[in-house]
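**Q** Please see the structure below; I have some questions.
The values are calculated or read from the model by the stated rules, or taken from the named source; none is laboratory data. Small disclaimer: the values here were computed from a predicted structure and weren't measured. A quick note on method: Cβ atoms are made from the backbone with ideal geometry, for glycine too, and the neighbour counts reach across all protein chains shown.
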C-alpha cells in the first residue's frame with residue numbers, strides 16, 4: 001500500500017488560503033505520490049505561489065555537495081528563486097514582506113547532518129520572527145520511525161553548525177513534521193505552525209516501523225550522492241569518511257555504498273572486518289575509477305551491503321569501520337578538511353558531523369577503550385522521552 005505525502009493531502013483539502021501570496025521552500029525531489037513536482041502540482045491546482053526558496057543542492061537537487069547556490073529563476077515555473085544556501089540560510093524580512101503563507105516540502109534523509117532539516121528550522125524561525133503562517137508538508141522518514149533504532153551522539157551545543165544546529169541524535173527516527181513541532185517548542189519560537197500529515201492509501205497513518213521499502217514508490221534522489229535507499233541506509237555511518245582522505249564514491253554509481261583509497265590494504269581490511277564487524281553487513285571488494293583533481297585513477301575499495309536494514313546500527317558500524325581503516329593504515333590515513341559553503345575552511349568536519357568537540361582524539365584510543373567510549377556516546381535514552389510529546393504518528 002503506497003504512501004500519500006503531505007502534498008497529496010494538501011491538494012485534496014483545497015484550503016481557503018490557496019489564493020494568498022505563498023512563498024514555497026522546495027526542490028525537485030519533492031514530488032506527489034504520482035511523481036509530479038510539488039510546485040507544479042500546486043500551481044496547477046490554483047495555489048498562488050509567487051516566490052520559491054531553495055536549499056542546498058538548489059531547486060533541481062543536483063548541485064554539488066556544499067556548493068554555494070545563487071538566486072535565480074525556476075526553469076519549470078518561471079517563478080523567482082531565493083537561495084537559502086548562498087549568502088544566507090534564513091530568509092530576510094525583505095524576502096518575506098510580500099508573502100502571507102510560508103510553505104515547506106522537501107524530502108529528508110533521516111540523518112542529523114543532512115541539511116534540509118536545518119533549512120526547515122530557519123524557515124520556521126523566520127515565520128516566527130516576521131509573524132507569518134507556516135505549513136510543513138510532512139513525509140515519512142525513509143529510515144523509519146522506530147525509536148529503538150535511534151543512534152547518537154547527541155549534539156554538543158558548543159559546536160552547533162549548519163550540519164547540526166540543535167541537540168538531536170544523528171539518527172533521530174522522526175519525520176520532518178515531528179521535528180518541526182519539536183524545534184518550534186524547545187526554541188520558544190511559537191510560530192503559527194501547521195503540519196499536514198502523510199497517510200497510507202487507505203487513510204491509515206504512516207506506521208513507525210516501516211521504511212522506504214514499504215512505500216511502494218520509486219526512489220527519488222533527495223540529493224546527488226544518495227542515489228538509492230541502500231546509500232541512504234549507510235549514509236549516517238559512512239559520511240564520517242568525508243573528514244578523511246578516504247573516498248565515499250561521490251561521482252560514481254556507488255556513492256555512500258562504497259569507500260576506497262589507492263593505498264587500501266584490501267586483504268587486511270577484509271580479514272579484520274570479518275573478525276570484528278557484526279553480521280549485519282557483507283563486504284564486497286571492488287575497484288572504481290575515481291576523479292582525483294583532473295586525473296582518473298583506479299581506486300581499490302569495499303562495497304558494503306546491509307543484511308537487515310530494519311535493525312541496522314549505521315552510525316556504530318560506520319564509526320567502527322572508520323576506526324579499523326585508520327588503525328590498519330597508520331601511515332596513509334589522514335584527517336582532512338571538508339570545505340563547504342557553510343564551513344568554508346572545512347576544519348573540524350568530523351567534530352561537526354559527530355556532534356562532539358575534538359572528535360579526532362577519540363580515534364587515537366586503543367580499540368577496546370575506543371569502543372567503550374563510542375558505545376556510551378551512541379546512547380540516546382533521554383531523546384526517546386524528550387521527543388515523545390511531539391510525535392505525530
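**Q** Here are some conditions: (1) on the phi < 0 side of the Ramachandran plot; (2) assigned by TED's automatic domain parsing to the domain that holds residue 321; (3) modelled with pLDDT under 95. Residue 239 meets all but one. Which one does it not meet?
**A** Among (1) on the phi < 0 side of the Ramachandran plot; (2) assigned by TED's automatic domain parsing to the domain that holds residue 321; (3) modelled with pLDDT under 95, the lone unmet condition for residue 239 is (3).
**Q** So the check is Cβ under 9 Å with 6+ separation or different chains; which pairs have a first residue in the range 212-225 that's surrounded by fewer than 17 Cβ atoms within 10 Å (Cβ to Cβ) and a second one that's in a helix (DSSP H, G or I)?
**A** 213/229; 213/309; 213/310; 219/212; 219/229; 219/232
**Q** Could you tell me whether residue 10 is under 21 Å from the mean Cα position of the chain (by Cα), within 15 Å of residue 106 (Cβ to Cβ), outside any loop (DSSP other than H, G, I, E, B) and in the same structural domain as residue 210 (by TED's automatic domain parsing)?
**A** Judged against the criteria, residue 10 is not a match.
Condition check ((1) over 30 Å from residue 86 (Cβ atoms); (2) modelled with pLDDT under 95) across all residues:
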site: 307; (1), (2): yes, yes
site: 322; (1), (2): yes, no
site: 338; (1), (2): no, no
site: 349; (1), (2): no, no
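**Q** Checking residue 182 against (1) farther than 25 Å from residue 31 by Cβ; (2) modelled with pLDDT of 95 or more; (3) not assigned by TED's automatic domain parsing to the domain that holds residue 32: exactly one of these is not met. Which one?
**A** Of (1) farther than 25 Å from residue 31 by Cβ; (2) modelled with pLDDT of 95 or more; (3) not assigned by TED's automatic domain parsing to the domain that holds residue 32, only one is false for residue 182: (3).
**Q** Filter the range 70-100 down to the residues that are in a loop (DSSP other than H, G, I, E, B) and under 24 Å from residue 36 (Cα atoms), then identify the one that is farthest from the chain's Cα centre (by Cα).
**A** That would be 78.
**Q** Select from the range 226-260 the residues that are surrounded by fewer than 20 Cβ atoms within 10 Å (Cβ to Cβ) and in contact (Cβ under 8 Å) with a residue 60 or more places away in the chain and write down the one among them that is nearest to residue 348 (Cα to Cα).
**A** 245
**Q** Determine, yes or no, whether residue 190 is assigned to a loop (DSSP other than H, G, I, E, B), closer than 30 Å to residue 345 by Cα and out of contact with any strand residue (DSSP E or B) (no Cβ under 7 Å at 6 or more places or on another chain).
**A** no
**Q** Looking at the range 302-321, I want the residues that are free of Cβ contacts under 8 Å to residues at least 24 places away in the same chain and at negative phi and have a partner that is crowded, with 18+ Cβ neighbours inside 10 Å and not in a loop (DSSP other than H, G, I, E, B) with Cβ atoms under 7 Å, at least 6 apart or on another chain. Which pairs are those?
**A** Here the result reads none, with nothing in the range 302-321 linked to a residue that is crowded, with 18+ Cβ neighbours inside 10 Å and not in a loop (DSSP other than H, G, I, E, B).
**Q** Next question, about the same structure. Here's a check for you: in the range 329-351, which residue that is in contact with a helix residue (DSSP H, G or I) (Cβ under 8 Å, 6 or more places away or on another chain) and buried (at least 17 other Cβ atoms within 10 Å of the Cβ) is farthest from residue 369 (Cα to Cα)?
**A** Only one residue tops the list, namely 343.
**Q** Within the range 108-116, is even one residue part of a helix (DSSP H, G or I) and within 24 Å of residue 197 (Cβ to Cβ)?
**A** Yes, the range 108-116 has at least one match.
**Q** Inspect the range 45-54 for any residue being in contact (Cβ under 8 Å) with a residue 60 or more places away in the chain, touching a helix residue (DSSP H, G or I) at 6+ places or on another chain (Cβ under 8 Å) and over 23 Å from residue 8 (Cβ atoms) and give the result as yes or no.
**A** No, the range 45-54 has no match at all.
**Q** Going by what's in this entry, would residue 209 be described as assigned to a helix (DSSP H, G or I) and touching a residue at least 24 places away in the same chain (Cβ under 8 Å)?
**A** Considered against the rule, which asks whether it is assigned to a helix (DSSP H, G or I) and touching a residue at least 24 places away in the same chain (Cβ under 8 Å), residue 209 comes out as no.
**Q** Let me ask something additional. In the range 19-38, which residues are surrounded by 24 or more Cβ atoms within 10 Å (Cβ to Cβ), under 21 Å from the mean Cα position of the chain (by Cα) and under 16 Å from residue 82 (Cα atoms)?
**A** Selection gives 24, 25, 26, 27.
**Q** Considering each of 319, 365, 324 in turn, give the residue that is surrounded by fewer than 19 Cβ atoms within 10 Å (Cβ to Cβ), within 21 Å of residue 236 (Cα to Cα), outside the structural domain of residue 85 (by TED's automatic domain parsing) and touching a helix residue (DSSP H, G or I) at 6+ places or on another chain (Cβ under 7 Å).
**A** 324
**Q** Mind listing just one residue for me: the one in the range 333-356 that is part of a loop (DSSP other than H, G, I, E, B) and closer than 19 Å to residue 151 by Cβ and, of those, farthest from the chain's Cα centre (by Cα)?
**A** Among residues in the range 333-356 that are part of a loop (DSSP other than H, G, I, E, B) and closer than 19 Å to residue 151 by Cβ, the one farthest from the chain's Cα centre (by Cα) is 356.
**Q** Continuing with this model, one more query. With respect to residue 330, is the statement that it is outside any helix (DSSP H, G or I), under 22 Å from residue 114 (Cα atoms), outside the structural domain of residue 63 (by TED's automatic domain parsing) and out of contact with any strand residue (DSSP E or B) (no Cβ under 9 Å at 6 or more places or on another chain) true?
**A** no
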